[in-house]
Amino acid sequence: MLRAFRRDDLESLAATLGDAEVMRQLGGEPTSREDAWRKLMMSVGQWPLLGFGYWAVESRVDGHLVGQAGLCDFERGIEPGMAGLPEMGWIFDRAVHGQGLAQEACRAVLDWADANLQPTPIWAIISPGNAPSFKLAERLGFERLADSVYHDEPIAVLRRAPR
């Protein structure tokens, strides 16, 4: 289930973002609890500024936060340029990897975007070693456009055509 982030999501979010294996797939290091709090607040703050943002993904089975999925505009200094356009992102707790939850949540995000945003390309970036995210992106209709560099690290740039 997609829903707005709440303050009490911090501990679950911090555990996911602090997991070295989860963050390795994203090309980064485990995140501190303090930085997880900043990311939670950023997720909430995007909505009034941009009209879109990230949702918390909650398990329908037990009500626990299992990840996040949504759209952002981080004004990334990356080529090809995507600043000013929605960028799709998702992060899920390792405990739910391989269960299809990411695909279900991301399809719901894209359905929302198609119904609520002007037709526009939706971008994504994926760390080259993240094979599961490449498979998911392909299932969601993204195409790999270019290989680039972001924060001195290689990154793949993908795009989903306007719908």
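Values quoted throughout were computed directly from the atomic coordinates according to the rules given, and no laboratory measurement underlies them. Model, not experiment: these values are computed from the prediction. Backbone-built Cβ (ideal geometry, glycine too); neighbour counts: all protein chains shown.
Placing unit charges on the Cβ atoms only, positive for Lys and Arg and negative for Asp and Glu, gives the chain a dipole magnitude near 380 debye about its Cα centre. Hey, in the GNM for the chain with a 10 angstrom Cα cutoff, which one of THR31, THR16, THR120 fluctuates hardest? The residue with the greatest mean-square fluctuation here is THR120.
Comparing HIS97, HIS151, HIS64 in a Gaussian network model of the chain where C-alpha atoms under 10 Å apart are linked, the largest mean-square fluctuation is found at HIS151. In percent, rounded to a whole number, the relative contact order of the stretch 2-160 is 18, using alpha-carbon pairs under 8 Å and six or more apart.
So if I take the centroid of the Cα atoms in the stretch 1-72 and the same for the stretch 85-163, what is the distance between those two points in Å? Centre-to-centre distance over Cα atoms comes out at 16 Å.
Residues ILE91, ILE122 in ascending order of nearby Cβ atoms (within 10 Å, fewest first): ILE91, ILE122.
Placing dummy labels 7 Å off each Cα toward the beta-carbon, the span from PHE74 to ASP111 is 2.7 nm.
Here the residues PHE142, PHE74, ranked from fewest to most Cβ neighbours within 10 Å of their Cβ, fall in the order PHE74, PHE142.
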